[in-house]
Amino acid sequence: MSIQAKPLHSVGVHMKRKEDPRFIQGKGNYVDDLSFPGMLYLSLVRSTYPHAEITNIDISEAMKVPGVKAVITGKDLEAAGLGWLPTFHGFDKQMVLAIGKVLFQYQEVAAVFAETRAAAVDGAEAVQVDYAPLPVVADPFTSKTDKTLLRPDRESKTNHIFHWEVGDKEGTARALAASPKRIKQRLWFQRCHPAPLEPCGCVAYFDTMGRLQFHVTSQAPHVYRTALSLVTGIPEDKIHVISPDLGGGFGNKVPVYPGYVCAIVGALKIGRPVKWIETRTENLTSTGFARDYHMDVEIGATADGTITALHVATTADHGAFDAAADPTKYPAGIFGIVTGSYSFPVAYAEVDAYFTNKAPGGIAYRCSFRVTEASYAIERGMDILADELGMDAVELRKKNFIRTDQFPYPSALGFTYDSGDYHKTLDVALEKIGYTALLKEQAEKRARGELMGIGFSTFTEVVGAGPSKHFDILGIKMFDSAEIRIHPTGAGIVRTGTKSQGQGHETTWAQIVAEELGLDPQTIMVEEGDTDTAPYGLGTYASRSTPVAGAAITMAARRIREKARKIAAHLLEVGEGDVEWTDYKFQVKGVPAKTVTMKEIAFAAYTNMAQNEPGLEATYYYDPPNMTYPNGAYVAVVDVDRETGETKVRRFVAVDDCGVVINPMIVEGQIHGGLTEGFAMAFIQEIQYDAQGNNLNTNFTDYLVPTSLETPHWETGNTVTPSPHHPMGAKGVGESPNVGSPAAFVNAVIDALSPLGVRHIDMPLTRDKVWRAIRDAEVKKKA
Amino acid sequence: MNLQYTGEEKIPAGLDAVWAFVTDPEKVGHCFPDVVDVMVQDPTHFEAIVKVGVGPVRGKFKMKVELLPASSKRRIDMKMSGGGFGSAVDLTSGADLVDAGDGTTLLKWSGQAEARGPVAAVGGRVLDAQAQKLISQAFGNVRQQLTV
């Protein structure tokens, strides 16, 4: 074991993750590790048809399978008032098990409960479902025509789910019309899936007190508890949600899925614990997908490259139910960040969402609600504009960046950017990559007909949802919380309403508490995910943990410090006004020799507190005054093989500004992971459906996850512009690399192909797509 | 995914013998490649269990089959639907019987299939060739059975 130095300060230290010894020794405690006496297994019968009436469900053969205890269908649930499940933002509902008809392939049709997992699967296979096929709507543009109405259950007899808009429509149209230079491009951010390595699952049982014990893969356990209470009518005190170790979430584990409801119903009906664990195929085909935004991007500029206006019109494919996990007032998430890092005088963004016969979702895959789509749109758009202007993409960006003197910056679409130094972040990236030398090399290669590209993405994110006046889920405001207890020996425990899925909270939270209180982070335990013990919070997604819960921890620690000040005054035998917190301990003002440490105060809080209230603990519910706005400058250098279309990412530099960094090692790890996901979306991943509504990417042989062999080497760097309103100045980083990198990769490939006249290719940039684009361009040139 | 096939089989038997064969569910059922069991319900309906292997998707399909003989005794259509392990196949095929005049009969067949689920997704790239092979084999089996 290596010996780590123990500096007094904890924030900014490369502390090894406290959770890792458990994980790397295979000692994590995941839902599928749980076993209870008498536990049954649940397997779901899923639809083979994307759109069909269910004419009959025959369960008789399934009931004959040895070990099968019960089979339930949509009709059974409907009779119990549990046929439908509200989606998280509250504007739609989703069938738990299909009632009357199925709306997407792999939709849940019946639930089979059996003594073993194998018997449950055999039982599900034996359920005979007869279907009468209906016309399939496999894309939002067909959906738009309303020729086939997908959701007759809804009041509004149309496939159109919503129209959302923000900004100045007329002003933008006028400004675009008056602009000497204009570009317009349709960009499709393809349907992707977060594909956490651990799929979704749960174990449900009712204990001897009649209390529902619900162990589940959830990024938001408290919201689950409230939602379950509202849906089932079980009083909230009779529901205990426990989210144990999670093997990744990335937004996929935010929604409540039909399998969870079926497990609970089974546990209630049969009176035994029920376990449900998805297969990989079930995860990819039925749980929350991400993106699937068709974006028409229009940018206006003057001839010298000053941007004048932005209009983005989006057609969104939401699948069979509107299960996009967005805050209530934001059906298109925080897509309004689409003006990015640039000073647009006027802008207008609109999103129209449609039902299709595809899996429901549209979740925030490592993304603060549609921010990835927005960043991709603007960062691709800026490159296309640079191409139109014949201007260097870096020069165009620098010319139009929001300047440091403009912060706090009110964006044309209603955000108030907190802080940033976009020129500086980009300069660091340019320096690191050696831009001048690369340009020279590229010119030489182009002269020889070789395809080399340099691509940029200088994005701004908006994270940390969010201020209560704007953000809620099912009406619950998006604050977060922390409770800290310091024990007599100076060790302690911190609990929050967030839930780590691999982000390293057990370390980061301990570092914040240690920093604020002058304690040893190794003796601060972190506990999350248990609704009986943790204070109420909205969970971990949308890069909100450090901006919201991290702030709550800081504030709770400062409350403890204020209490400690009273005890310090007692111990130092001076008035409270005569002690000051300095260098991680209390000291009598002007007398550096007279000090008392937090460890000593902690002991006194239980043994020698004088007139003060005993104990040393505090709780804080933090309602953020604003979102935080991390930014980054990413540069990709690629070589494209003209003959095969194969792209090699030669270098990738990511310079992030996420404000004050609490643990640089964890931040770097987050960036590596997010870049790898961005690389996957840019080059290999897509959930495809054929025209008949068949999902064609149902497992890891068809939906590829990059291994260390494909993944490029990442070079990282950072700048620090503290958030002025966050108590520690931190901004959040988990999502930046996923949000920012796809555009950098695509911009690099298009830059490589630009001498051939290629202006855009939709992701993923697979070899055959790039090869086709090269061939088409060469044929066109010859003609 | 949608698949379409056509073909022709020369059967060394007379029209009446061929007609008697292709309208007999028991006999038709046993011409399916890799058939495990045939359960005849009535003269035009039967169920067949067939072994299927497309790429990594392997298992048994349970198919419901309906024979639709034309009154002209010159054409027979067949509808088939079923599936297994989460996959489904709907298949319609038809064959015209043409007297070749030399004591043999030409079976001019066409078929179309729609596949859904893993068999369509995982097997997408190999399904087409596989289905072509199976359907040719089925009609080939008819020929073999009638070759004395």
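The values are calculated or read from the model by the stated rules, or taken from the named source; none is laboratory data. Note that this is a predicted model, so its numbers are computed, not measured. Positions of Cβ are generated from backbone atoms using ideal geometry, with glycine treated the same way; all protein chains shown enter the neighbour counts. Just the protein is used for accessible areas: all its heavy atoms, side chains included, with ligands, DNA and RNA removed. Shrake-Rupley method; radii C 1.70, N 1.55, O 1.52, S 1.80 Å.
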If we scan region A:235-257, do we find a residue that is modelled with pLDDT of 95 or more and within 14 Å of another protein chain (Cβ to nearest Cβ)? no
Residue B:14 vs. criteria surrounded by 15 or more Cβ atoms within 10 Å (Cβ to Cβ) and either at positive phi or touching a Cys at 6+ places or on another chain (Cβ under 6 Å) (or both): no
Which condition does residue A:727 not pass, out of (1) open to solvent by 10 Å² or more (accessible area, probe 1.4 Å); (2) in a helix (DSSP H, G or I); (3) at pLDDT 95 or above, if it passes all the others? (2)
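Yes or no, residue by residue, for (1) among the β-branched types (Val, Ile, Thr); (2) over 30 Å from residue A:109 (Cα atoms):
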position	(1), (2)
A:321	no, no
A:325	no, no
A:338	yes, yes
A:347	no, yes
Looking across region B:2-11 at residues that are open to solvent by 40 Å² or more (accessible area, probe 1.4 Å) and out of contact with any Phe, Trp or Tyr (no Cβ under 8 Å at 6 or more places or on another chain), the single one that is nearest to the other protein chains (Cβ to nearest Cβ) is B:2
Pairs please, first residue from region A:182-206 and polar (S, T, N, Q), second anywhere and in a strand (DSSP E or B), Cβ atoms under 6 Å, 6+ apart in sequence or on different chains. A:185/A:297
Going through region A:17-35 in order, the residues found to be open to solvent by 50 Å² or more (accessible area, probe 1.4 Å) and either within 14 Å of another protein chain (Cβ to nearest Cβ) or not basic (Lys, Arg) (or both) are A:21, A:23, A:24, A:25, A:26, A:29, A:30, A:32, A:33, A:35
Just a yes or no: is a residue in region A:685-692 away from every other protein chain (no Cβ under 14 Å), under 30 Å from residue A:11 (Cβ atoms) and not aliphatic (A, V, I, L, M)? no
Among (1) part of a loop (DSSP other than H, G, I, E, B); (2) open to solvent by 10 Å² or more (accessible area, probe 1.4 Å), which single condition is residue A:359 missing? (2)
Given the conditions (1) open to solvent by 30 Å² or more (accessible area, probe 1.4 Å); (2) under 25 Å from residue A:140 (Cβ atoms); (3) touching a Lys or Arg at 6+ places or on another chain (Cβ under 7 Å); (4) more than 14 Å from chain B (Cβ to nearest Cβ), which single one is not true for residue A:677? (1)
Out of region A:574-610, which residues are part of a loop (DSSP other than H, G, I, E, B), touching a residue at least 24 places away in the same chain (Cβ under 8 Å) and open to solvent by 60 Å² or more (accessible area, probe 1.4 Å)? A:583, A:608
Can you say whether residue A:712 is open to solvent by less than 40 Å² (accessible area, probe 1.4 Å), in a loop (DSSP other than H, G, I, E, B), more than 14 Å from chain B (Cβ to nearest Cβ) and not acidic (Asp, Glu), as far as the supplied structure shows? yes
Of the conditions (1) outside any loop (DSSP other than H, G, I, E, B); (2) within 24 Å of residue A:161 (Cα to Cα); (3) open to solvent by 20 Å² or more (accessible area, probe 1.4 Å), residue A:331 clears all except one; give me its number. (1)
Only one of B:18, B:89, B:40, B:22 is away from chain A (no Cβ under 14 Å) and either without any contact (Cβ under 8 Å) to a residue 60 or more places away in the chain or closer than 30 Å to residue A:281 by Cα (or both). Can you tell me which? B:40
From A:424, A:399, which residue is more than 23 Å from residue A:726 (Cα to Cα) and open to solvent by 10 Å² or more (accessible area, probe 1.4 Å)? A:399
Can you confirm whether region A:185-205 contains a residue that is touching a helix residue (DSSP H, G or I) at 6+ places or on another chain (Cβ under 6 Å), open to solvent by 30 Å² or more (accessible area, probe 1.4 Å) and not β-branched (Val, Ile, Thr)? yes
Can you name every residue in region A:207-230 that is among the aliphatic types (A, V, I, L, M) and open to solvent by 40 Å² or more (accessible area, probe 1.4 Å)? A:209, A:230
Options A:301, A:309, A:313; residue that is within 30 Å of residue A:390 (Cβ to Cβ), free of Cβ contacts under 8 Å to residues at least 40 places away in the same chain and either among the hydrophobic types (A, V, I, L, M, F, W, C) or more than 14 Å from chain B (Cβ to nearest Cβ) (or both): A:313
Residue list for region A:735-766, filter: assigned to a loop (DSSP other than H, G, I, E, B) and touching a strand residue (DSSP E or B) at 6+ places or on another chain (Cβ under 8 Å): A:735, A:759, A:760, A:762, A:763, A:764, A:765
Restricting to region A:612-657, name every residue that is within 30 Å of residue A:564 (Cβ to Cβ), within 26 Å of the chain's Cα centre (by Cα) and open to solvent by 10 Å² or more (accessible area, probe 1.4 Å). A:620, A:621, A:622, A:623, A:625, A:626
When only residues in region B:51-78 that are small (Gly, Ala, Ser) and at pLDDT 90 or above count, which is least open to solvent (accessible area, probe 1.4 Å)? B:70
Could you give every pair whose Cβ atoms fall below 8 Å, whose first residue belongs to region A:349-368 and is within 18 Å of residue A:193 (Cα to Cα), and whose second residue is hydroxyl-bearing (Ser, Thr, Tyr) and open to solvent by 10 Å² or more (accessible area, probe 1.4 Å), counting only separations of at least 6 or pairs across chains? A:356/A:142; A:358/A:689; A:359/A:106; A:364/A:541; A:368/A:543
Conditions (1) of a type in the set (A, V, I, L, M, F, W, C); (2) away from every other protein chain (no Cβ under 14 Å); (3) surrounded by fewer than 18 Cβ atoms within 10 Å (Cβ to Cβ): number failed by residue B:126: (2)
Criterion first (within 11 Å of chain A (Cβ to nearest Cβ), in a helix (DSSP H, G or I), open to solvent by less than 40 Å² (accessible area, probe 1.4 Å) and over 21 Å from residue B:39 (Cα atoms)) does residue B:115 satisfy it? no
For region A:517-528, enumerate the residues that are in contact with a Gly (Cβ under 9 Å, 6 or more places away or on another chain) and part of a loop (DSSP other than H, G, I, E, B). A:519, A:520, A:528
What residue, of A:137, A:65, is closer than 26 Å to residue B:58 by Cβ, hydrophobic (A, V, I, L, M, F, W, C) and more than 14 Å from every other protein chain (Cβ to nearest Cβ)? A:65
Would you check if there is a residue in region A:727-734 being within 25 Å of residue A:292 (Cα to Cα) and within 14 Å of another protein chain (Cβ to nearest Cβ)? no
Output the number of the condition that residue B:132 fails; it satisfies all remaining conditions of (1) under 21 Å from residue A:697 (Cα atoms); (2) away from chain A (no Cβ under 13 Å). (1)
